[in-house]
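Structure record follows, encoded as C-alpha cells.
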Amino acid sequence: MQGRWIASRLPAVAVLCGIVAAVFWALLPERVPVEVRPVSRGPLAVRVSDDGVTRIKERYIVSAPLAGRMSRVELHAGDPVVAGETTITVIEPTDPALLDPRAEAEALARVAAARAARRAAEPLHAQALVAVEYTAADLQRARDLAPSRALSHEQLDAAERAWKTAVEAEKAAAERVQITQYELLLAEAALLRTRPTDGSGRPEDWRMEIRSPVGGRVLRLLKESAAVVEPGTQIVVVGEPTDLEIVIDLVSEDAVKVQPGNRCEITAWGGERPLAGRVRLVEPRGFTKVSPLGVEEQRVNVIVDFESAAADRPTLGDDFRVEAAITVDELDDAVRVPLAALFRHGRGEAVFVVVADRARLVPVRTGRRGDRDAEVLEGLAGGEAVIAYPSDRVADGVAVIGR
C-alpha cells in the first residue's frame, strides 16, 4: 500500500525537482563569453616595422662624353651587359648646319676675299725674298771691302742692319701667306653642307663607341632614339639587379632605436618564406613626409643589406615593395602577456585574470613591448589565463566563460 503511494508520487517529485533546478539556474548570474589567452615565459623580441623598397646598391648612368650624333640604342630594359664589351651606342660627329641664301652669299664673299688676300700676300712674299737676296749680296761686298778700309764701320753696320731687316720682313711675309691660306680654308669650310652618307667613308677615329662600364643588366633607357646629343646627356642606367639593399623610412622616434648590425626580417615580398637582412646604416639626416592621413611626419632612411642568398629571391628586383621588421632589443627569458589583454587603469595598466571562472582585475607594470606581447615586470608570474580584448561587460568578479 505504502509502496504504491510512493510510486504514485514519483512523477510529481521529479517535476518539482526540475522546477527548482530551473529556478536556481535562472537566478545564477549570466556568464560573459570572453577570449582567454595564457601568460607565458620565454624570449621576447622588440621590433620596429614599416614598409620599405628595394634598390640596387650601385647603379650607373651612362652619359655622352662629348657632343655628336648618337645612334639608336638597340638594347632594352633587362638585357644583359658585359663590362667593357657591350656597346650601348655610337657617337659620330654631327654634320654642319645648312646655309640659307643670305648666309651662303656671305660665305662665298668671304671665300673670295680670302683668295684675294692670298693672291696679294704671295707677291709681297716674293718681294721680301728679293730684298733678302739683294741685302745679302750688299752685305757680302761690304765685308769684302772692310779689311782694306775702303768702307767705314758705319757702312758695314748699315749693310748688316739692312740684311737682318730684310730677313725679318721675309719671315713676316711668309707668315702672312700662311695666314691667308688658313683664312681661305676656314672660309671654304663654312660652305660644307650636309650630305647623305652610309658612314662607310668616315674614318674609324671619327666614331666613339660607348660601352657599358659594369656588368649586369640594363635597368632603364633614358634616351633610345638616334639624336644629336650634348656632353652629359644621360643615355641608359645599368647595374646588377641581384645586388640589392632595402631602404626603410622609419618615423624618427623609431629610427633612434635602430643601430647598425640589428637583424631584420623581410616579409610580404612575394615569396613563401621570410628573408633575412641586417641594418648597415641609419642615415644621419631626416626628412618630412606626409602620411596617407595628411599628417606631416619626420622620417629617417634605414639601409638594410640582405643576408639571404640571391638564389632565395630570384624574382625580387629594383624598387620592389617589402615589409621589414627590425629587431632593436631581445630578452632571453621574460614573463609575456598578450598586448590584447592590457588596458589603461588609473595611471597604470591592468589585466583581467580568469580565476575560478570569474574575472579578477590585476594591476601590472610592463616593460619592453614586442609585436604581440609585452614584458611583465610586476603583477603576473606566468601561467595565468588573461582575457584578451575585454568588453565593457567584463568587470572585477564577473562570471566569464571562454569561447
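The values are calculated or read from the model by the stated rules, or taken from the named source; none is laboratory data. Quantities reported herein were computed from a predicted structural model and do not represent experimental measurements. Cβ atoms come from the backbone with ideal geometry, glycine included; neighbour counts cover every protein chain shown.
Quick one: in the stretch 263-294, of everything that is hydroxyl-bearing (Ser, Thr, Tyr) and part of a strand (DSSP E or B), which residue is nearest to SER252 (Cα to Cα)? So the residue we want is THR288. Scanning the stretch 301-322 for residues that are farther than 20 Å from GLY239 by Cβ and at pLDDT 95 or above yields a single hit, VAL302.
Scan the stretch 331-349 for residues that are over 15 Å from ARG37 (Cα atoms), small (Gly, Ala, Ser) and in contact with a strand residue (DSSP E or B) (Cβ under 7 Å, 6 or more places away or on another chain) and the total you get is 2. Screening GLU378 with (1) surrounded by 16 or more Cβ atoms within 10 Å (Cβ to Cβ); (2) of a type in the set (Asp, Glu); (3) more than 29 Å from ILE248 (Cα to Cα) gives one miss only, at (1).
Looking only at residues in the stretch 247-282 that are among the polar types (S, T, N, Q) and over 19 Å from GLY317 (Cα atoms), the one that is surrounded by the fewest Cβ atoms within 10 Å (Cβ to Cβ) is GLN259. Restricting VAL337, VAL300, VAL322 to residues that are over 19 Å from ASP254 (Cα atoms) and part of a strand (DSSP E or B) narrows the list to VAL337.
For the stretch 41-53, filtered to residues that are out of contact with any Ser or Thr (no Cβ under 6 Å at 6 or more places or on another chain) and under 22 Å from GLU297 (Cβ atoms), the residue that is surrounded by the most Cβ atoms within 10 Å (Cβ to Cβ) is GLY52.
Looking at THR315, is it β-branched (Val, Ile, Thr), over 16 Å from the mean Cα position of the chain (by Cα), assigned to a strand (DSSP E or B) and exposed (fewer than 13 other Cβ atoms within 10 Å of the Cβ)? Against the criterion (β-branched (Val, Ile, Thr), over 16 Å from the mean Cα position of the chain (by Cα), assigned to a strand (DSSP E or B) and exposed (fewer than 13 other Cβ atoms within 10 Å of the Cβ)), THR315 does not qualify. Looking across the stretch 242-255 at every residue that is touching a residue at least 12 places away in the same chain (Cβ under 8 Å) and outside any strand (DSSP E or B), the one that is nearest to VAL302 (Cα to Cα) is identified as ALA255.
Restricting attention to the stretch 107-124, does a residue exist that is among the β-branched types (Val, Ile, Thr), in a helix (DSSP H, G or I) and within 23 Å of GLU188 (Cα to Cα)? Yes - at least one qualifying residue is present in the stretch 107-124. When you check ALA174 against the structure, is it at pLDDT 85 or above, among the hydrophobic types (A, V, I, L, M, F, W, C) and closer than 21 Å to ALA114 by Cα, yes or no? It is true that ALA174 is at pLDDT 85 or above, among the hydrophobic types (A, V, I, L, M, F, W, C) and closer than 21 Å to ALA114 by Cα.
The set of residues from the stretch 82-105 being in a helix (DSSP H, G or I) and surrounded by fewer than 14 Cβ atoms within 10 Å (Cβ to Cβ) comprises PRO101, ARG102, ALA103, ALA105. A single member of PRO213, PRO147, PRO231, PRO203 is at pLDDT below 80, out of contact with any His (no Cβ under 8 Å at 6 or more places or on another chain) and not assigned by TED's automatic domain parsing to the domain that holds PRO123, and it is PRO203. Could you tell me whether the stretch 364-372 includes any residue that is under 30 Å from LEU244 (Cα atoms), touching a strand residue (DSSP E or B) at 6+ places or on another chain (Cβ under 8 Å) and acidic (Asp, Glu)? Yes, the stretch 364-372 contains at least one residue that is under 30 Å from LEU244 (Cα atoms), touching a strand residue (DSSP E or B) at 6+ places or on another chain (Cβ under 8 Å) and acidic (Asp, Glu).
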